[in-house]
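Asker: After the C-alpha cells below, expect a handful of questions from me.
The values are calculated or read from the model by the stated rules, or taken from the named source; none is laboratory data. For clarity, every value in this text was computed on a predicted model and none was experimentally measured. Here the Cβ is made from the backbone with ideal geometry for all residues, glycine too, and neighbour counts use every protein chain on show.
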Amino acid sequence: MVNPISHKNELKKGLYLVPTPIGNLGDITFRAVEVLKKSDYVLCEDTRVSKKLLDKFEIKSKLISNHKFNETKNLLKIIDLLKNNKIISLITDAGTPGISDPVAVLVNECLKKNIDIIPLPGPSAVTAAISVSGFSEKYVFYGFFP
C-alpha cells in the first residue's frame, strides 16, 4: 500500500480500485471523483452504465471495457499502460471492485509486477445491511446470493 497523494498533490501512478455508488449517484465520495478525473483510463464492466456516472461528475477519462469475459484478453495491454506510468482506475457498475466482481486476475498480475494498487473506501451493501440488522458485533460475510 502506498500513500496515493504525492508531494505535489498529484496521484501516484498505479491501479486504483474505486468504489461506485450503489443505487444513488450522490453516494460517491469526493476522493473517488478526484481520482477518476485524474485517471488516464477507467476500466469498467459496462461502458453504458459507467458513462452515466462519469458524465454526471464531468469526468473525461477514457473508458475501457473490462469484465469477466475479456479481463484475460485485456491483461497485457493494461499492465503495459501501468508500466508506462499511467493512472488507471477500476470501477464496477455498483459497489467496490473485487467484492463479487472480477478483479483478481488484474490485481494478482499487478502484485507480481510490483505495480502499486491503491484501494479507496466507499459504499458497501454489506455494511449498510449490517448496520440496520440488529445483529450483535459479530457477523460473517460469505458472499452475495446468485
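Asker: Just to check your reading of the model, which residue among G122, G98 is under 19 Å from N24 (Cα atoms), touching a strand residue (DSSP E or B) at 6+ places or on another chain (Cβ under 9 Å) and either part of a loop (DSSP other than H, G, I, E, B) or at pLDDT 90 or above (or both)? Outline the logic, then answer.
Answerer: Working: G98 fails: under 19 Å from N24 (Cα atoms).
One residue alone meets the criteria, G122.
Asker: Quick one: what pairs do we get from segment 96-122, first residue at positive phi and in contact (Cβ under 8 Å) with a residue 12 or more places away in the chain, second among the hydrophobic types (A, V, I, L, M, F, W, C) and part of a loop (DSSP other than H, G, I, E, B), C-beta under 6 Å, 6+ apart or different chains?
Answerer: S100/F144
Asker: What do you reckon, is K56 surrounded by fewer than 16 Cβ atoms within 10 Å (Cβ to Cβ), charged (D, E, K, R), modelled with pLDDT of 95 or more and within 16 Å of I28 (Cβ to Cβ)? Don't jump to the end; show me each part of the working.
Answerer: Details: surrounded by fewer than 16 Cβ atoms within 10 Å (Cβ to Cβ): yes; charged (D, E, K, R): yes; modelled with pLDDT of 95 or more: yes; within 16 Å of I28 (Cβ to Cβ): yes.
Here the answer is yes, as K56 does meet what is asked.
Asker: On to the next question. Could you tell me which of the residues T29, T47 is closer than 12 Å to G122 by Cβ and either among the polar types (S, T, N, Q) or free of Cβ contacts under 8 Å to residues at least 24 places away in the same chain (or both)? Walk me through how you get there before you give the answer.
Answerer: Details: T47 fails: closer than 12 Å to G122 by Cβ.
Result of the check over T29, T47: T29.
Asker: Okay, next question. Filter segment 94-108 for residues that are in contact with a helix residue (DSSP H, G or I) (Cβ under 6 Å, 6 or more places away or on another chain) and surrounded by fewer than 17 Cβ atoms within 10 Å (Cβ to Cβ) and give the result.
Answerer: If the condition is that a residue be in contact with a helix residue (DSSP H, G or I) (Cβ under 6 Å, 6 or more places away or on another chain) and surrounded by fewer than 17 Cβ atoms within 10 Å (Cβ to Cβ), then V105 is the only one that fits.
Asker: Follow-up. Select from segment 1-51 the residues that are hydrophobic (A, V, I, L, M, F, W, C), at pLDDT 90 or above and within 21 Å of L111 (Cα to Cα) and list them in ascending order.
Answerer: Hits for segment 1-51 are L11, L15, L17, V18, V35, V42, L43, C44.
Asker: Regarding N74, is this residue surrounded by 13 or more Cβ atoms within 10 Å (Cβ to Cβ), of a type in the set (S, T, N, Q) and either more than 22 Å from E34 (Cα to Cα) or over 15 Å from the mean Cα position of the chain (by Cα) (or both)? Let's see the steps before the verdict.
Answerer: On the way: surrounded by 13 or more Cβ atoms within 10 Å (Cβ to Cβ): yes; of a type in the set (S, T, N, Q): yes; either more than 22 Å from E34 (Cα to Cα) or over 15 Å from the mean Cα position of the chain (by Cα) (or both): yes.
Criteria met by N74.
Asker: For segment 63-71, indicate whether the set of residues that are in contact (Cβ under 8 Å) with a residue 24 or more places away in the chain, in a helix (DSSP H, G or I) and within 17 Å of L106 (Cα to Cα) is non-empty.
Answerer: yes
Asker: Could I ask something else about it? So, in segment 109-119, of the ones that are assigned to a helix (DSSP H, G or I) and among the charged types (D, E, K, R), which residue ends up surrounded by the most Cβ atoms within 10 Å (Cβ to Cβ)?
Answerer: First, the residues of segment 109-119 that are assigned to a helix (DSSP H, G or I): 109-112.
Right, trim to among the charged types (D, E, K, R) and you get 109, 112.
Numbers: E109: 17, K112: 9.
Here the residue is E109.
Asker: A follow-up question, please. In segment 125-146, what count of residues is obtained for those that are farther than 15 Å from G95 by Cα and loosely packed, with under 10 Cβ neighbours inside 10 Å?
Answerer: Here the count works out to 10.
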